[in-house]
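Below is one structure, written out as structure tokens, with a few remarks after it.
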Amino acid sequence: QVQLVESGGGLVQAGGSLRLSCQASGSISSFEIMGWYRQVPGKQREMVADITRGGSTDYASSVKGRFTISRDYAKNTMYLQMNGLKPEDTAVYYCHTAWGRIEYWGQGTQVTVSS
């Protein structure tokens with residue numbers, strides 16, 4: 001069992017930056033893939049970015065070139081650096097990982113981008 005706790009969300013103007021953190025209660029080295037998702041009311045949760053244990057990354061086309069995902073194994077933390085934020089990035093952001101068929105989600109952190 002692992003707990004994931006997000007932090008770093010907030011209100012920012014368009015063009016600004018935020019860095020989200022996802023602190024795990026245990027070692028993250030066991031997880032092959034970790035990722036960030038986001039959700040707005042009335043819409044499905046969508047993948048924003050993910051990263052493998054080996055460091056390979058994948059991004060949604062809408063954030064490519066603006067967001068950077070990373071993992072710090074010493075701190076058992078995953079990050080999402082978000083630059084050039086747009087109002088359409090407004091959402092609740094969740095971190096996610098899985099162990100076999102068991103999925104783990106954080107509680108989410110709100111990101112609001114004003115125009």
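Ligands, DNA and RNA left out, the 1.4 Å accessible surface of the chain is 48% carbon and sulfur atoms.
Where the alpha-carbon atoms of the chain are placed on the principal axes, they occupy 40, 27, 23 Å, in descending order.
Coupling constants for the stretch 75-89 follow from the phi torsions by the Karplus curve (6.51 cos²θ - 1.76 cosθ + 1.60, θ = phi - 60°), and in residue order they are 9, 6, 9, 10, 10, 9, 8, 10, 10, x, 5, 10, x, 6, 7 Hz; glycine and proline get x.
Residues whose amide H comes within less than 5 Å of that of Val48, counting only those at least five positions distant or on another chain, are Trp36, Tyr37, Arg38 (H built at 1.01 Å from N in the peptide plane). The largest accessible area among Glu46, Glu88, Glu6 belongs to the first residue in Glu88, Glu46, Glu6, and the rest follow in falling order (1.4 Å probe, all chains).
Against the criterion of solvent-accessible heavy-atom surface with a 1.4 angstrom probe, Arg66, Arg53 sort, most first, into Arg53, Arg66. Karplus-derived 3J(HN,Hα) values for the stretch 28-37, using 6.51 cos²θ - 1.76 cosθ + 1.60 with θ = phi - 60°, are 9, 5, 6, 9, 5, 10, 10, x, 10, 10 Hz; glycine and proline are entered as x. Per residue, the stretch 13-53 exposes an accessible area of 53 Å² to a 1.4 Å probe, with every protein chain left in place.
Accessible surface ranking for Ile102, Ile28, 1.4 angstrom probe, highest first: Ile102, Ile28.
The amide H of Thr90, built 1.01 Å from its N in the peptide plane, has Val113 as neighbours under 5 Å, considering only residues 5 or more places off or on other chains.
The values are calculated or read from the model by the stated rules, or taken from the named source; none is laboratory data. Being a predicted model, the structure only gives us computed values, none of them experimental. SASA here: full protein model, heavy atoms, side chains in, ligands and nucleic acids out. Shrake-Rupley method; radii C 1.70, N 1.55, O 1.52, S 1.80 Å.
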